[in-house]
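Shown next, in structure tokens, is the structure this report addresses.
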Amino acid sequence: MLILRTIAFLLAGAASLWGAASGRPLLGPAVVAALLVAHAWTLTDPVRQLRSLLAATVIGTALESTWIALGAYVPAGDMRGTPVCPLWVTSAWLNAVLFWQGVAAERLSPGQATVAGAIAFPLAYLLADRVHAVVVVWPPWAFAVAFGLYGAIALGAVHLLIAVNAPRDQACLNEK
């Protein structure tokens with residue numbers, strides 16, 4: 001299941017980036033919606049666990065809108081020029097939270113989640129810039145530092161949010 005979920009996460013991420021870069025901004029959200037339905041079938045306490053997915057996605061969307069408003073990056077698509085986060089970015093957040101809930105939260109500690117966020121966030125956005133899904137406006141070093149801190153805090157918080165909303169018989173915070 002780990003390999004299947006990882007492949008699904010990567011394909012949905014690629015669909016979001018490619019769709020945004022090629023003028024098909026609904027491609028990523030459509031793929032992520034299908035993943036959400038499939039993921040919901042695997043949950044042992046769907047209401048509780050889907051609540052954490054929704055909360056993390058809404059918070060992530062608000063944070064992305066803030067970064068856009070601050071001029072850190074400009075997303076591709078029809079929303080360009082507005083401080084509102086486009087749907088494909090929201091679906092990319094949902095995809096990441098789906099992956100985290102389905103795979104990583106059970107395998108990583110909060111500290112490891114923080115380190116993963118510090119590395120993955122700036123790399124993901126710089127990759128998105130390379131494929132023209134976003135335009136990073138800030139100098140790359142400033143962007144990498146800011147988004148490294150953002151990623152560390154955001155992924156650490158997502159990790160804890162998912163752990164708090166895990167079914168009582170499932171320990172999402174691994175003691176390893």
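The values are calculated or read from the model by the stated rules, or taken from the named source; none is laboratory data. Predicted model, so just to flag it, every value in this text is computed and none were measured. A quick note on method: Cβ atoms are made from the backbone with ideal geometry, for glycine too, and the neighbour counts reach across all protein chains shown. SASA here: full protein model, heavy atoms, side chains in, ligands and nucleic acids out. Shrake-Rupley method; radii C 1.70, N 1.55, O 1.52, S 1.80 Å.
Meeting the requirement of 2 or more residues that are surrounded by fewer than 19 Cβ atoms within 10 Å (Cβ to Cβ) and within 15 Å of the chain's Cα centre (by Cα), the helices (runs of 4 or more DSSP H) wholly within segment 38-132 are 46-69, 110-130.
Could you list, in sequence order, all residues of segment 133-145 that are open to solvent by 50 Å² or more (accessible area, probe 1.4 Å) and in contact (Cβ under 8 Å) with a residue 60 or more places away in the chain? Spell out how you get there, then give the answer.
As a first pass, look at segment 133-145 and keep what is open to solvent by 50 Å² or more (accessible area, probe 1.4 Å): 135, 137-141, 145.
Answer for segment 133-145, where residues must be open to solvent by 50 Å² or more (accessible area, probe 1.4 Å) and in contact (Cβ under 8 Å) with a residue 60 or more places away in the chain: Val135, Val137, Trp138.
Close Cβ contacts (under 9 Å, 6 or more residues apart or on different chains) running from residues in segment 10-28 that are crowded, with 22+ Cβ neighbours inside 10 Å to residues that are acidic (Asp, Glu) comprise Pro25/Asp78.
Val31 meets each of the listed conditions (1) exposed (fewer than 14 other Cβ atoms within 10 Å of the Cβ); (2) touching a helix residue (DSSP H, G or I) at 6+ places or on another chain (Cβ under 6 Å) apart from (1).
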